[in-house]
Amino acid sequence: MPITQFAHQNGKAFVSSLSKDEQKSLGQFMTPPPIATFMAQRATTGIFSDVVSILEPSAGAGILAAAVVQELLRREERPSRIELTLYEIDTRLKPYLRRLADRLRRAAKDSGVTLSCHIVIGDFLLSALAQSARPEFDVCIANPPYFKLNKADPRAKAHTYAVYGQPNIYGLFQAACASLIKPTGRWCFITPRSWLNGSYFAAVRRHLLHYLHIDALHLFESRQAHFYEDTILQEAVIAWATAQPLRAGEIAFSTSQGVLDLRDAELFAIPTTEVIANDDQMTIAIPVAAGANHAGNDFEEWHDTLATLGLKVSTGPVVPFRSKEFILESFARGAVPLLWMQHVKHTGIRWPIQKKREHILSNAASAWMLLRNTNYVVMRRFSPKEDIRRVTAAPYLAGSLPGEFIGLENHLNYIYRPGGELTRSETIGLAAFLNSTVVDAHFRAVSGSTQVNATELRKLRLPPLESLIAIGNLLPDTPTLAEADHAVTVTLQIRHLLAAV
Ligand SMILES: C[S@@+](CC[C@H](N)C(=O)[O-])C[C@H]1O[C@@H](n2cnc3c(N)ncnc32)[C@H](O)[C@@H]1O
C-alpha cells in the first residue's frame, strides 16, 4: 500500500471514532491522498538538497508529510537524509503518527535514505519553534485547522503580527510557517480562500509576502468535491510559495471543481503584478471565469463609480417582520407590487409569480418604505453558490408593473438617480453590464463570498456613462444573458473576450 494511502487509512479510522462536533472543534478534516500528492509534487520541485527537512505543523495522521516523503523517494536522485517534524495537538493521534513514522523509516531505508521523525504532541502555535522565526525547513506543508479565534486567545496573542480584527487559526499557521522556511525552500498550504482578500487577513498577507513569493494557486470551485469524505462548506485554495520576498514574475493559476477533474484543469500564467495588489492590503485576485480573464485589467481603465455617475445604491426598504401589517397574503384594494429576491431574474422582473406576500398596502403609513414606480436597476443581495453569475441585476422600467408605487424587500438592492431618473438606456445598459461575465469574473476574483453588498457596488469601477447608454441602446427591454454579454463585450471592446464573440 502506498504510504499516503496508509496515512489516509489511519486518519479515516481516527476520524470515524469522533463525533461531528469533536471533529469540528479541532478542525480534524483530513486531506485525501490525491490532493496530498498534488500538493506534495509541486511542493518538492526545486528541493534538491542532500538533507531535506520537512515540517507538517498540524499533522493529523501525517498524510501530507507522507506525500512529500513519497515524492522524494520516487526520484532518481534522492536526498541522503530526510528529517520530519510533525506537530499535532491531539494526543489520540500519537499512536497513528508513530506507526506512520515506522512505515516511513522503512520505506526510506529501502530506498537507501535515512529518515528521522520528530513527533511533537502540543499546540504548534504556542511552540517555541512557531515563535522563533528561524528558517529551518526546506518544505512546510499543511492543511491547518480552520476556525475563528478570540483576539484574546493565547495563540492570537503569540502571533499578533498576523492579527487584525478577528483572526482565523489557519491564518496564524500560514504566517508562523512562512518565517520558518530556509531561503528557496517551499511552503504549501490548503485552506479556505478567505485569506486572499479582505482586511481581516491583510496582516497575514503582508507577513506571508514579506517572506514568500507565491508561485502557484489552485482553486477548488466546488464546496464539497475536494474533500470527498467530509462535508466542507468552503471553497478551498492550495497555495505554493518559495521563501524569497515578493519579486516580479508570474503566478501559475488553475481551477477545478474537485479532485476528479484535476487533469482537465488548464494552467494560466498571470503576472504577479496583476494578481497581488500593490498597496497596503496586498489583496490577491484570482481570475476565475472561463478562460481565466485577467480580472482587473479592464477595470483599471475605468475611472467612474456609481457616485461619479450621479447614481446611488440602497437596500430595499421593506423589512418584512417590521412591516407585517402592510404586507398582504394576496391582492387587495390599495395594494401595489412587493418584489422579493424570487422576482428578480437576469432577464428582468417577473411579477406576480403566484407567491404569497407579493403585495403591499400603499397608504400614508407605508409610504416611507415604498418607491415611485420609475426606472431602477434591482439586484439580489445574495446569490446561491450554484448561480451562474454572482450578480443578478434586473432592469425595472417605469410602469411595467401596476400602481404608482412599488415595494422592494430588504434582500434586494436598487440603483437609482437621486433627484432625477435613470433613463431607459441607462437602466438596461447598467443592468447588462452588472450581469456580464466581466463583472462576474471581477467579483469572483476579489471575493469568496456570494454576497455582493452595497459597499462593493459603490467601489466597483464602471465604464463611462456613454458606454452604458450605448449598451442599453443595443438591447431590448428584457435581454437574455447572452445578448447582454454580447452588447457589453462589443461596446466596451473587452480585449480577451472579443475573440469569443
Ligand atoms: C485539517 S486537519 C489536517 C490533518 C492532516 N494534516 C491532513 O492533511 O489530513 C488539522 C489537524 O490539526 C490539528 N490541530 C488543531 N489545532 C492545532 C494546533 N494548535 N497545533 C497543532 N495541531 C493542531 C487537528 O487536531 C487536526 O488533526
(Q) Could you go through segment 379-399 and let me know if any residue there is in contact with a Pro (Cβ under 7 Å, 6 or more places away or on another chain) and in contact (Cβ under 8 Å) with a residue 40 or more places away in the chain. (A) no
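Condition check ((1) surrounded by 15 or more Cβ atoms within 10 Å (Cβ to Cβ); (2) assigned to a loop (DSSP other than H, G, I, E, B); (3) not assigned by TED's automatic domain parsing to the domain that holds Arg81) across all residues:
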{"site": "Val120", "(1), (2), (3)": "yes, no, no"}
{"site": "Leu129", "(1), (2), (3)": "yes, yes, no"}
{"site": "Arg134", "(1), (2), (3)": "no, yes, no"}
{"site": "Ile141", "(1), (2), (3)": "yes, no, no"}
{"site": "Pro145", "(1), (2), (3)": "yes, yes, no"}
{"site": "Asn150", "(1), (2), (3)": "no, yes, no"}
{"site": "Ala156", "(1), (2), (3)": "yes, no, no"}
{"site": "Tyr161", "(1), (2), (3)": "yes, no, no"}
Q) Does segment 15-26 contain at least one residue that is closer than 19 Å to Ala108 by Cβ, within 10 Å of the ligand (Cβ to nearest atom), within 26 Å of the chain's Cα centre (by Cα) and open to solvent by less than 60 Å² (accessible area, probe 1.4 Å)? A) no
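To keep it simple, each residue is scored yes or no on (1) free of Cβ contacts under 8 Å to residues at least 24 places away in the same chain; (2) polar (S, T, N, Q); (3) in contact with a Lys or Arg (Cβ under 6 Å, 6 or more places away or on another chain).
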residue	(1), (2), (3)
Phe14	no, no, no
Leu18	yes, no, no
Pro32	no, no, no
Ile35	no, no, no
Gly46	no, no, no
Pro79	no, no, no
Thr91	no, yes, no
Leu100	no, no, no
Q: Any chance you could count how many residues in segment 103-152 are of a type in the set (Asp, Glu) and without any contact (Cβ under 8 Å) to a residue 12 or more places away in the chain?
A: 1
**Q.** Ala36 being in contact with a Ser or Thr (Cβ under 7 Å, 6 or more places away or on another chain), assigned to a helix (DSSP H, G or I) and either at pLDDT below 90 or within 10 Å of the ligand (Cβ to nearest atom) (or both)
**A.** yes
Q: For residues that are within 11 Å of the ligand (Cβ to nearest atom) and either of a type in the set (A, V, I, L, M, F, W, C) or in contact with a Ser or Thr (Cβ under 7 Å, 6 or more places away or on another chain) (or both), tally how many sit in segment 101-128.
A: 5
Q.
Of everything in segment 263-288, what is open to solvent by 10 Å² or more (accessible area, probe 1.4 Å), touching a Pro at 6+ places or on another chain (Cβ under 9 Å) and part of a strand (DSSP E or B)? Give them in sequence order.
A. Phe268
Q) What is the one condition in (1) at pLDDT 95 or above; (2) touching a strand residue (DSSP E or B) at 6+ places or on another chain (Cβ under 9 Å); (3) basic (Lys, Arg) that Lys148 does not satisfy? A) (1)
Q: Search segment 397-431 for residues being in contact with a helix residue (DSSP H, G or I) (Cβ under 7 Å, 6 or more places away or on another chain) and assigned to a strand (DSSP E or B), and hand back the single one that is nearest to Ser362 (Cα to Cα).
A: Gly407
Q: For Leu260, state whether it is at pLDDT below 90, touching a strand residue (DSSP E or B) at 6+ places or on another chain (Cβ under 9 Å), open to solvent by 40 Å² or more (accessible area, probe 1.4 Å) and not charged (D, E, K, R).
A: no
(Q) Can you tell me which residue is farthest from the ligand (Cβ to nearest atom) among those in segment 46-57 that are surrounded by fewer than 24 Cβ atoms within 10 Å (Cβ to Cβ) and outside any strand (DSSP E or B)? (A) Asp50
Q. With Arg74, Arg92 as the choices, which residue is open to solvent by 10 Å² or more (accessible area, probe 1.4 Å), out of contact with any Asp or Glu (no Cβ under 7 Å at 6 or more places or on another chain) and within 14 Å of the ligand (Cβ to nearest atom)?
A. Arg92
Q. Just to be sure, is Leu64 farther than 18 Å from Ser25 by Cα, more than 10 Å from the ligand (Cβ to nearest atom) and not polar (S, T, N, Q)?
A. no
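The values are calculated or read from the model by the stated rules, or taken from the named source; none is laboratory data. None of the values given here were measured: they were computed from a predicted structure. Ideal geometry is used to build each Cβ from the backbone, glycine not excepted, and the neighbour counts take in all protein chains shown. Please note that ligands, DNA and RNA were not included when accessible areas were found on the heavy atoms of the full protein model with its side chains. Shrake-Rupley method; radii C 1.70, N 1.55, O 1.52, S 1.80 Å.
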